[in-house]
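Below is one structure, written out as structure tokens; comments come after it.
Just so it is clear, none of the values below were taken in a lab; they were calculated from the coordinates. Everything quoted here is computed from the prediction, not taken from an experiment. Cβ: placed from backbone, ideal geometry, glycine included. Neighbour counts: every protein chain shown.
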């Protein structure tokens, strides 16, 4: 029985294997058929895209016909490649021709590029005045829109702040790239704008709101007074600087007092607890985080680049070099008083001592200016009066600039032009102030001693020095009427001088040449007396 069962099991296993084999064969056959149909369909679709003449040739089964077909296809590929090359060459020529025509239309047929032409045109008085007028209109309009949204729709002020500030920062980045001032955008005020942006992603974070509130009413608002930021509508750089320092205080004011019950996503910020030691600690912690990043970026990562390229400056190096600012003089006086620096020692931005002094000074300034946050955050009237006072300071600085600097510069340039027309025979019709030249040369020498150039004067908004009269004189020469009148006067003056040399005595050609040589020698002597820079400019005129 056992052997019979074994035989039966063996037969059953063989039968099962046969059945499995049959199933596999049938499945493989089906798959072969499906693959055959798929290949046939692909071939049909491929042959449908081939021209009829080539498709008829493909039906030829002889090797000679297939070889001929491959040659035809290769020839057509080469022709198509050549045609594409010609089309590409023609497209490049057309683009180059259109670019030349565009440059010719823009530049008027000059050989310089469009960018250089626009930069040169931007310096012309007519273009400068047009830009200033447009900037004035834009500055007034943006101020009115900001105040309207703040007072009527405070729940949307954060949206307006985000859009408007982003536009200002992008424009400033573009402007600072040409001036090589991009490292100034690593300053603390820009870090504060980034923290305000983060509030959008954390609308219920009271910790972040307390930090932003401390930065806005502390160092940013106080910088308007310390650095004399001014509301000068026609100057985009000054308006941008003022908005960067003053708009965050308007934003936190709206979130603190005006958005309650409006349904804003920041409505819960108005219910945050009073500003206390926890908020003060958070603000200091955020400031130290920025200071470490700033030091690593400017003094470690990019230190070699900044030391090799003296045109690029940072705020720390600028404050260390510019001894005309009150902050620089105050810190220097304190360091000498407490014998941390010698009586004649000056700041050198390359030394660790100077870097530590200015970083510590900025930390002390930030800590002192954050202290009023306790009262400003607690009382509505104090916050309102504080914001109005800071804005009034910016408006007053702008009015002082218009009255004391801009108006005097505007009328002086016409007076100097009239003087230049009357005294057209003078080698230097508009003299520079000797004291200003000596001060400038002294600053350049001191800056060159420490290995850096004089920092850009436009970065500070506390003082706006007058442009040199000679530059104003050159700008006014762009005006057709002034230029023609000056040319007529100069030509008539030269003719009078020639006639005066030839009249009175009959001079020989040699005497005349000697008199002209003596006149040239006198002119050269006078030019040397006035200085090589002014003489070269007047010679060009």
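Using the 10 angstrom Cβ neighbour count as an exposure proxy, how do 406, 275 rank, fewest first?
Listed from fewest to most nearby Cβ atoms, that is 406, 275.
Once a ≥ b ≥ c are taken as the square roots of the eigenvalues of the Cα gyration tensor of the range 168-233, is the result rounded (a/c under 1.5), prolate (a/b larger than b/c) or oblate (a/b not larger than b/c)?
Oblate is the answer for the range 168-233, as a/c is 1.5 or above yet b/c matches or exceeds a/b.
Determine the shape class of the range 63-112: with a ≥ b ≥ c the square roots of the Cα gyration tensor eigenvalues, call it rounded for a/c under 1.5, and otherwise prolate if a/b is greater than b/c, oblate otherwise.
prolate
Restricting everything to alpha-carbon atoms, can you work out Rg to Rh for the range 2-49 with a Kirkwood hydrodynamic radius?
1.51
Just the C-alpha atoms of the range 242-372: what Rg/Rh do they give, with Rh taken as the Kirkwood radius?
Reported Rg/Rh (Cα atoms, Kirkwood Rh): 1.09.
Is the C-alpha gyration tensor of the range 314-406 telling us rounded, prolate or oblate? Criteria: a/c under 1.5 is rounded; beyond that, a/b larger than b/c is prolate, otherwise oblate.
oblate
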